[in-house]
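The values are calculated or read from the model by the stated rules, or taken from the named source; none is laboratory data. Here the structure is a predicted model, which means the values were calculated and not measured. With ideal geometry, Cβ positions are generated from the backbone for all residues, glycine too; neighbour counts draw on all protein chains shown.
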Amino acid sequence: MERLKISEQDIINAVCVYIARKKQVQPNEVEVELMFDDDYGFSAEAFVDGRKQVLITINLIEALRLWLDEYMNKDPYSGIELVLDEEEGIVAMVSESNR
């Protein structure tokens with residue numbers, strides 16, 4: 001089974017779309033900062049209209065499932081693993097299955 005790598009920028013884009021849908025705004029109105037902490041794992045802060053929302057790992061996975069389905073035409077229920085890469089930042093590794 002091949003693995004697809006989703007870049008940090010595409011993860012940010014996925015979160016922007018995810019939050020935009022929840023807040024009923026345009027994706028370009030959302031600012032996102034991805035984070036990693038040794039104790040708490042992966043998270044993100046999303047800002048819309050000056051308000052901050054904290055997202056935990058499961059929210060990031062939900063956003064990536066939306067991105068995989070609607071923007072990459074891939075199986076949204078493939079295995080998704082967030083990885084901290086020293087050179088590329090936070091990336092997602094997706095186990096590709098035939099759709």
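Structure above, values below:
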| quantity | calculated |
| --- | --- |
| Matching residues, the range 36-60, being of a type outside the set (Gly, Ala, Ser), farther than 18 Å from TYR71 by Cα and in contact (Cβ under 8 Å) with a residue 24 or more places away in the chain | PHE36, PHE42, VAL48, ASP49, GLN53, LEU55, THR57 |
| Test for ASP75: is it among the charged types (D, E, K, R) and in a helix (DSSP H, G or I) | no |
| Scope the range 1-51; condition of a type in the set (S, T, N, Q) and under 24 Å from TYR77 (Cα atoms); matching residues | SER7, GLN9, ASN13, SER43 |
| Residue within the range 35-53 that is part of a helix (DSSP H, G or I), at pLDDT 95 or above, exposed (fewer than 12 other Cβ atoms within 10 Å of the Cβ) and not aliphatic (A, V, I, L, M) present | no |
| Residue list for the range 25-58, restricted to those being of a type outside the set (A, V, I, L, M, F, W, C) and under 19 Å from ASP10 (Cβ atoms) | GLN26, PRO27, ASN28, GLU29, GLU31, GLU33, SER43, GLU45, THR57 |
| Some residue of the range 57-68 being assigned to a strand (DSSP E or B) and more than 15 Å from LEU4 (Cβ to Cβ) | no |
| Residue that is nearest to GLY89 (Cα to Cα), among those in the range 54-78 that are over 10 Å from the mean Cα position of the chain (by Cα), hydrophobic (A, V, I, L, M, F, W, C) and loosely packed, with under 14 Cβ neighbours inside 10 Å | ILE56 |
| Residue match in the range 6-19 (condition: buried (at least 19 other Cβ atoms within 10 Å of the Cβ), over 12 Å from the mean Cα position of the chain (by Cα) and outside any helix (DSSP H, G or I)) | no |
| Exclusive hit being among the acidic types (Asp, Glu) and more than 24 Å from GLU96 (Cβ to Cβ), set GLU2, GLU62, GLU45 | GLU45 |
| Verdict on LEU66 being closer than 15 Å to ARG21 by Cβ and at pLDDT 95 or above | yes |
